[in-house]
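Values in this text are rule-based calculations from the coordinates and carry no lab data. Computed from a predicted structure; not experimentally measured. All Cβ positions, even for glycine, are placed from backbone atoms using ideal geometry, and neighbour counts span all protein chains on display.
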Amino acid sequence: MTHRRRGTRHTGPTRSAHRARHARQGAAVLAIALIAAGAGCSAPEDGTRRAAPHRTGTPAPSAAGGATDGQRGFTLVASGDVLPHASIIKQAKTDASGDGYDFAPMLSAVKPVVSKADLAICHMETIYGAGGHYTGAPAFKSPPEVAEGLRDTGYDACSTASDHALDDGAAGIDRTLDAMDGVGLRHTGSARTAAESSSPAWLRAGGAKVAHLAYTYDTNGLPLPKGRPWAVNMIDRQRIVKDARAARKAGADVVVLSLNWGTEWQEEPDEDQLRLGDELTASRTGGRPDIDLILGTRTHVPQAYEKVNGTWVVYGMGDQIAGEMVNDEGAQDVRGNEGTSGRFTFAPPERPGGRWEVRKAEFIPQWFNLGSRRVINVSQSIHDGLGLADVRDRISEAVLSRGAAKDGLTMGR
């Protein structure tokens, strides 16, 4: 399908060991609305790619009426664009105290949320450079230490299909995925080989085998590398469904889909997002949905969460890390430093082959403070009496704009 193609306008201007995750975050919730909960998901069984050792802790709630023997539920956390502008790179160098680049400090406030999840997924919007040759907008080349900072924060995997995936051609993809492999961070959406392109990132969470797939609407007009037409996964409804069904056939209990889509700076999901979201969530095999959760990136502003055909769709999580953001009218736009993390608690099916159910759905508002160059957990900040109610309200209005509260979406902390 055709997506609106608008050039990305940005200006911009850990190294501790990856610890096993502990008990899932407590139920302290700052609620915007609470009604019923529900939505479904399923998971895998084959070891093509295994996530780094997962967090241990008390199981997530099991499905009502009992779960399949030996399975336990899990929590999944996902967050928005990691977009290191020049100012972000400079801060990471300062935080490393002269020893390379350290991106973990700017994520320290969200580490409790990320590290306590059974499975945590990020979106790496840019590719990595080498030899100290790092740049911000418009053609990004980020320090490979970004991967280390993400891993140390607790992320298990990242989507890498984005409109910036070809900012340094095939070499940029190779460096990025090599760096992620080097720190044990799974990835999907761009590839070094055709075989890698055709396989999801395989992850374990609780008792579930999770397949993570990722695709982008475009590469800012840059052609796919010669001889590597598979280098970046492009959005195509038929291909996405085919890949999801193949993952399910290979043993996936839960299929998670990341999409780099939408219209930049538009809080409302555009027509293409709504149409594709509806088509993908309606796709079923044997009565079971082919896709269990959709995570959107790219728009640089938080967009709505919505349950569509019984499946949660996050149209846009906004930015997690970004420098000063300039919108399409050439003005600095504070919304470009706002985002959310989605947290979904899955319960195992009552019967073998059944759907894993989302028993709890939450959004956690975040703000990147351009003064301190740190990500702020907004709801936790408000709980601690540190303000940011205006940021919380602006994010909440966008997230809840399509009625997600009635389906049980609440604000988490």
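Quick look at the numbers
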| item | result |
| --- | --- |
| Relative contact order computed over the range 40-411 (Cα-Cα under 8 Å; 6+ residues apart), in percent | 21 |
| Cα point-scatterer Debye curve for the range 40-411, base-10 log of I(q)/I(0) at q = 0.08, 0.12, 0.14 Å⁻¹ | -0.35, -0.82, -1.16 |
| For the range 206-250 and the range 342-413, distance of Cα centres in Å | 27 |
| Globularity index of the range 113-191, i.e. its alpha-carbon radius of gyration over 2.2 N^0.38 Å | 1.03 |
| Burial ranking of peptide ranges 380-390, 72-82 (average Cβ count within 10 Å, highest at the top) | 72-82, 380-390 |
| Cross-link reach list, lysines versus Lys116, counting only Cα pairs under 24 Å and skipping chain neighbours closer than eight places | Lys209, Lys360 |
| Potential lengthening between Glu397 and Asp181 on full extension [0.36 nm per residue; Cα-Cα distance subtracted] | 74.0 nm |
| The range 40-411 - share of DSSP beta bridges that are antiparallel (%, nearest 5) | 55 |
| Thr94-Asn309 pseudo-label distance in nm [points 7 Å out on the Cα-to-Cβ vector] | 4.8 |
| Relative packing of peptides 393-403, 190-200, 316-326 - highest average C-beta neighbours within 10 Å first | 316-326, 393-403, 190-200 |
| Between the range 123-138 and the range 284-315, the alpha-carbon center distance in angstrom | 29 |
